[in-house]
């Protein structure tokens, strides 16, 4: 039977999530492991991004959506296609060649990269068949292929994008505090933001809606809760710079 897979075109997905407790921007990686059939010698033991080769009857977006659903069970999340990677040497590392031989795909594969934004608590990793694990973007394990390059370019794109569109709310709970928003921006951008200035600017945004609720289960004074109104935002702006730093 003819394969429905296009052997030299793939999609790789960078899945970002935010840990609200540790206040770290994380990326979801899967285990890549291969043993020799002769003597059980470990040939490959590292992590990679999730991805698939594109099927002949799929669009690129279809493949990216399929990859995320296989990994997390989730669909309908924010995604952005940000770059194609086609360096002729991108898959020629010794370990990568061993993996490619075992998986039977083309060493001259061009990949189109996407990134997704998801809430970490929405993903159950206890029974994940890919042994997926969250890693802080600044504490990455050894990565296969050119996936570190892809991941870091996705991160740079996210930094730029989060200053022109309110995409960070894809990473936060539905109800959040102003400090939660500030902590997330600081985690993504890697900078300290003036607290009073940030708070004043954010609460004046009409699409940041105050709720008649406060935090529960906290030891300190409970803070006001807010929500992001996408409807209000879309009515007000075609383009908007959410914060100025």
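No lab work stands behind these numbers, since they all come straight from the coordinates. Predicted, not measured: the structure shown is a model, and the values here were computed from it. For neighbour counting, all protein chains shown are included, and Cβ atoms are generated from backbone atoms with ideal geometry for every residue, glycine included.
Annotations for the structure displayed:
- Length-normalised contact order of region 174-236 in % [C-alpha pairs under 8 Å, at least 6 apart]: 38 percent
- From its DSSP helices (H runs of at least four residues, each -39,500 (n - 2.57)), the chain gives a residue-normalised ellipticity at 222 nm of -8000 deg cm²/dmol.
- Proxy reagent accessibility, fewest Cβ within 10 Å first, across 42, 15, 181: 42, 181, 15
- Folded to 0 to 90 degrees: helix 178-189 orientation relative to the chain principal axis, Cα: 40 degrees
- The Cα center of region 66-139 and the Cα center of region 38-64 differ in position by 7 Å.
- Ranked list, fewest to most other Cβ atoms within 10 Å of each Cβ, for 99, 134: 134, 99
- Nearest 10 degrees, 0 to 90: helix 147-161 Cα axis against the chain principal axis: 20 degrees
- Region 1-70: C-alpha gyration tensor shape, a/c 1.5 cut-off, then a/b vs b/c: oblate
- The ranking of 191, 112 by Cβ neighbour count inside 10 Å, starting from the fewest, reads 191, 112.
- Nearest-ten-degree value, helix 94-103 long axis tilted from longest Cα axis of the chain: 80 degrees
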